[in-house]
Structure formats: structure tokens, C-alpha cells
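Enquirer: My structure is below; once you've seen it, I'll send some questions.
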Amino acid sequence: RGNVCGSGSPPDLTISVDEWHSRTSLWFPFSYDTVAKEFRVTSALEYGICVQDCNPANRMQTTYGGTPNSTAQTFAVYLHSSLVFDRCVPDFNSYNCPSGNCTSNDGSNDKLANELGFGNFFFGLVQQVYSSIWITLMFLIIAVVVCFLWIILLRRAVKPVVVAVLALVLVVGGIVTLALYIHYKNLQGDASTKGTDSSKIALAAAIIASALLFLYACVIAYLWKSIMLSCDIIEEGSKIIVDIPSVMLVPIWTSVIIFLNLVTAASIAALLYTIGTSEMVDTQVANLVGDMVTVKTHKYVRAAWVDYAQGFNLFMMLWLLAFQNGVAYMTISLTGVIWFFSAPGNQKAVHKSPICESYCIVQKFHGGTVAFGTLLFTIVAVLRFALNSFEKKMNKTVKNNAACCLLLCCANCCLGCLDRVIRFLTEHGFVMTAMTGANLISGARESVSLLTSTPAVLSINLISDVVIGVSRILITLIVTACGAAALNHYSNDSHVTVVACVVVLAIGTWFIAGTFTRVLTVCIDTTLLCYSYDVKHNNGADRPYYSPDDLVSHIGRANARHQSKHSDKEALLNQ
């Protein structure tokens, strides 16, 4: 609708006001050049026509006050359109000239789609995925179930699962290395390929794979005890999820809110993109028979402030997304804190509605803390986005200027490191805010002090993140492989459709697995910080320890290993 169609009373209007008010949809007159065999896109984008509804193809559309017999004010409708935000959005695969011979003009539709900034591949991909949407949705639901079962499995048998995963990676790596070497030997055995680039590439790939496999085995052997300790910590962190399973609802409702925010931001961006002021001008356009004629149309002039409004809309969208994730993070953290300090020792008391209670507390008392913390890394994210946009615009200069390329890479790297540091401090500050009620800066400083006072906890936390990350990758691979097999067996669609659905399934499963593993990561971070705070501020006498006995035992072994390594290093240096 913009600020023109169906509203007000524009000057030089040749139709009644009532008819004008009924024309609330904006349609673009894509004219077809029969000589060049292509659509004229520029004039269509600049001169929209207000219409009552989106006409189907092979009909005529008149402008204000025109008649079907007037070639000066009559346009042929070449494309089917559907109403989106009061605008007739064309279907790029539906065009057909009234004479019926336009479908033979290869490349015309592709050119139209490309000039509009879209591609037929994207729309074809959406249609292909939609044709098998039920199978894809079924496996996305299966991914949710698998993730929840995976969390329960980590609680009951985390060590066997981790050992099996590590061994599986080792076996797969060995098979790949052996296959590459066999391929190299086959190429060498063939006289036509012996000594060619293909055989050299196969040999290089086999050597690289074997080197990576050896490095992987060495790292696993060196970190084996730390990995087992990390498994114990993962088991302790998952107790929160097992005792309070409703904590898994937090990412679900957060995802719904984020989806609504994205829809709202996309709607605002679409409306801003087409907003502007109108002028009634004489315009040269092609009529039904291909002749250039003069008609009065509205020309939309883009406002200068729209670009700034789009930037503000983008910033607010990123901030709102980060804010919702921050609220979810602090809600889970506060739930873990309430669980940890509910009773000393192993027997923890579970509240009746811990998630609702935590969410209300976060919204009522800590909303400003979450907003400030998420604002910090939103600013960094916007700076990184601006730097990447600048790099794309300066692509030719960057390629030919090594100094400029180095400077941009260093700036991007520094912003990436700054983003990770701010996220680390902010997230751990959220945990301390949930624990003590302190502000973000004080909470972040306290969390760093607690983690540095127990370096073994910090190292175990890092290894736990790696183990959980591997679990996320494994879940994605398993669900995607099963979904691909089902689509290939039960779907009658083409291979392109199956591949498109598999890609969508893989992306969806990756995000779903990330959502569940994120909850486990937050629970582990909260448990470790609660332990460090408990040890620092309680003495076990008049102020009893709240840490579970198993957690104390696991971290005690980790501290002993860390002190032993530190003592060995000091002894070696003294020699």
C-alpha cells in the first residue's frame, strides 16, 4: 500500500474517489519486448499501478480512467501474481504472452528474475522442498526426539557414548585414508593415469589424511584423562535437565518468539523498501502491440531516509534476537542456580514451577542487564557486518592491493576475537547476575575471578564444549543420513528435489541439535560457577557446602592432576 494506493485523493485523478479507495494493491506493468524477446523491468519497477486485485495472466489491466479499448492506457498481464503486503508479487514461472508463443523465448524469464534481484533457482528450490515437506517435517520432529534422548543418554552413560564416538571417528578416518591410498595405487597401476596429476592429488590426499589421523590419535591419547573428567562434568551438568525436564521448553518458546521477531523485521524491511512519495508524470511505456505511448502514471521517488531506517531496522532486529537468546540463557542459568542451592549435598529440592519462576524473575529484575549485555555484542556484530559489506564493495581493490587485503583481514579477525571475548564475559556475567543479583560488569569480573582461581574447572569446561560440539555434529549426520535414505526410498520426486530436502533437513537438524546442546552447555557452565562460588564463600561448618559429592570428587581429581602437572613443570625448570 505504501502511502499512495487507496488512500487520500491524489491530484489529476481521472477516476472516482470511491474507485480509487478500492484500488489498494500495487501492480507493476511488466511489458514484453517482442523484438528483444525480454521483459522491460526498469519502467515496471518505477511506475506501479494501483489495482483492485492481482489479475491473472492473459488479461488486460487499465490505468486510472482508461478503458479496455484504449491502447494508451491498457497493459497486458504476462505473469500471475499473488498479493503479499498489498503488492502483486509476480510468479516468475507463469508468464505466457496472449499470442501463446512467449514460452519459447529461452532466457527471458531468467533475465526478469535476475533483474528483480531473485533467481529461479531459489523459487524452484522452495517449490521442490514444499513437495516433500511432510517427510522433512517428520524427520525434524525425529531430530527433536533424538536430541532429547541424547541428553538422557549423556546423563546415564556419557563415557561409553563418548568413547564410541571417538572410536568411530578414528575408524572412519582410517577407512578414508585407506580408500585414498587404494585409489592412488589403482591410478598408478593404470598406464594412462600413472604419474598424472590425479594420482599425485590422490597421494597427497592420502598423506594429509594419514597425518591428520595420527594427530587426532595423539591428541586423544594426551587428553584422555581430561576427556574422561569432562564426561563426568557433563554427567553432573545434565542432572539439572533430568531433574527439571521442563528446562527444555525454554529454547522452544524462545525459537517461537525469535521467529515472530524475524517476521516482523522482514515485514518492516519490505514496507520500507517500497515506500516513497508519488508524482503523476507522463511516461513512455510499451502498450499491448509493442508501440511506445505516453501515459500518466505514478512515479515513486525513494526517500533519502529509507536507507537509515533499514539500518536501524537491521540493528534492532539483531538486538532483539540477541535479547531473546540472553533471556533464555539467564532463565536456564537461574533455574540451575535455584536447583544447585536448593539444599546442601546430593538431595536437591525441585520447585513446583522453576522455569516460570525463573523467567518472571529475569523479566522483572534483570531485563536491563540482559539488554545491556546483548547490546555490546550486537554492536560488534553490526561492525563485523559493516566491515564485510565494505569488503564486498571494495572487492576489486582488495584483490589487487595486498596491504588493503591484510588490513581488512586483521580488522575482521580482531572483531571476531572481540566478539568471542564479549560473549564469554557476558554469558558468564549472566550466570553471576542470576546467582548474586549483581550488575553485568560486577558479575563478569566475579566470574573471571572464580574461573582463574580454579584453572582446572576452566580447562574441563573447554573440553566439555568440544565433546558437546562433536555430539551436535554426530546427531546432524545421523538424522540427515536417515532422512536422505527415507526421501530416496519413499519420495517419487527428482534427485534435485531429494538433495534440496536433505539440505533443508541438515540445516534444520543442525539448529535443533544446537538448541538442545546449548541448554546442556548452559547447565554445565552454571554448575561449575556455582561450585566455584560455593567453595569460595562456604566453609562446610556453619555454612555448609551445597555442591554434590560426585561433583566435588570429580573437580578434586582435576585439581590434583593440575597441581601435579604444575609441580612437575616447576621441578623441571629448577633443574
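Enquirer: Excluding L529 itself, what net charge comes from residues whose Cβ is under 12 Å from its Cβ, given Lys and Arg +1 and Asp and Glu -1? Write out the running numbers ahead of the final one.
Expert: On the way: positive: K536; negative: E427, E446, D525, D534.
Summing Lys/Arg as +1 and Asp/Glu as -1 gives -3.
Enquirer: Here's another thing I want to ask about it. Take peptides 258-271, 375-388, 424-437 and line them up by average Cβ neighbours within 10 Å, highest first, as a rough protection proxy. Could the numbers behind the result be given before it?
Expert: On the way: 258-271: 14.0, 375-388: 16.2, 424-437: 22.6.
Highest-to-lowest ranking by the protection proxy: 424-437, 375-388, 258-271.
Enquirer: With the cut-off at 1.5 for a/c, could you classify the stretch 332-483 from its C-alpha gyration tensor as rounded, prolate or oblate? Walk me through the numbers on the way to the answer.
Expert: Details: a/c = 2.20, a/b = 1.72, b/c = 1.28.
Note, shape of the stretch 332-483 comes out prolate.
Enquirer: Now, a different point. Of the cross-linked pairs K159/K352; K225/K536; K239/K352; K200/K393; K225/K352, which ones have a Cα-Cα span greater than 28 Å in the structure shown? Mind dumping the intermediate values first?
Expert: Values: K159/K352 32 Å; K225/K536 26 Å; K239/K352 17 Å; K200/K393 38 Å; K225/K352 39 Å.
Distance filter (> 28 Å) returns K159/K352; K200/K393; K225/K352.
Enquirer: 5 Å is the cut-off here: which amide hydrogens, built 1.01 Å from N in the peptide plane, fall below it relative to R87, excluding neighbours closer than 5 in sequence?
Expert: For R87, whose amide H was placed from the backbone, the distant partners under 5 Å are L26.
Enquirer: Of the listed peptides 16-23, 204-211, 338-345, what is their order by residue-averaged count of other C-beta atoms within 10 Å, with the highest listed first?
Expert: Values: 16-23: 13.2, 204-211: 15.1, 338-345: 17.2.
Final packing ranking: 338-345, 204-211, 16-23.
Enquirer: Amide H of I49 versus every other amide H placed in the peptide plane: which residues, excluding those fewer than 5 positions away on the same chain, fall under 5 Å?
Expert: W27, F28
Enquirer: Moving to a separate point now. Order of 349-356, 174-181, 531-538 by packing, highest average Cβ count within 10 Å first?
Expert: Values: 349-356: 13.1, 174-181: 15.5, 531-538: 17.8.
Going by the mean number of other Cβ atoms within 10 Å, highest first, we get 531-538, 174-181, 349-356.
No value in this document is a laboratory result; all are computed from the given coordinates. Computed from a predicted model, the values in this text were never measured in an experiment. Neighbour counts are summed over all protein chains in view; Cβ atoms, including those assigned to glycine, are modelled from backbone coordinates with ideal geometry.
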